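Input: a single structure, listed below in structure tokens.
What follows is calculated from the coordinates using simple rules that are stated; it is not laboratory data. Here the structure is a predicted model, which means the values were calculated and not measured. For neighbour counting, all protein chains shown are included, and Cβ atoms are generated from backbone atoms with ideal geometry for every residue, glycine included.
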Amino acid sequence: MKKPETYTIRFPEEDGAPGDHGSVAMKDKDWKVFQKEVGMEGRAQIEAAMRAWCRFGPANIPDKRFKFETRYESGGRGVRVDAFKGRHVRLYGTTVEVDGKPMFLVTGRDMSKKTDAADRELLKAAGKTAFKLIHG
């Protein structure tokens, strides 16, 4: 799969080469909202988790920073939806292979997270977006 045109690689560095494990990409609009609306603590937590994911992969990140959330299915096919987590913020998405390396595509966001449980509607929307990116 190719990186979707509307996505920009943000980690390990903007539009840079992937890390040892892979890279993280998101739409410019989501990136701007993340930069503007997320507090310094939450942003630092998520950015650190994203850098770790790019360098080492998801196995080395604690569940409180990166976690499997659900599987979105339609027509007998499905996609996995994971979340990067920080203080009062979640970035949902899925992992695809681009040029032989994993790429996490951010497909949804919750910038005002108040509880531990995921907002089911936001999670479903993120899964639907991920499904469209992968399966058309």
Exercise for review: Return the inverse of the average 1/r over all pairs of distinct C-alpha atoms in the stretch 1-100, which is the Kirkwood hydrodynamic radius, in Å to one decimal.
Suggested key: 14.1
**Study point:** Spin-label pair Thr8/Glu41, simplified geometry with 7 Å Cα→Cβ offset, distance in nm
**Key:** 2.9
Check your understanding: Using the count of nearby Cβ atoms within 10 Å as a rough guide to exposure, how do Arg51, Arg71, Arg10 rank from fewest to most?
Key -> Arg71, Arg51, Arg10
Check your understanding: Under the rule of -39500 (n - 2.57) per DSSP H run of 4 or more residues, summed and divided by the residues of the chain, what mean residue ellipticity at 222 nm is obtained, to the nearest 500 deg cm²/dmol?
Key -> -10000 deg cm²/dmol
Practice item. Any lysines with Cα under 27 Å of the Lys36 Cα? List them, leaving off those in the same chain fewer than 8 positions away. Key: Lys3, Lys27, Lys64, Lys67, Lys85, Lys113, Lys114, Lys124, Lys128
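Let's test the formula: R0 of 22 Å, r as the Cβ-Cβ distance of Phe68 and Glu121. What FRET efficiency results, to the nearest 0.05?
Working: r = 19 Å, r/R0 = 0.85.
Calculated transfer efficiency: 0.75.
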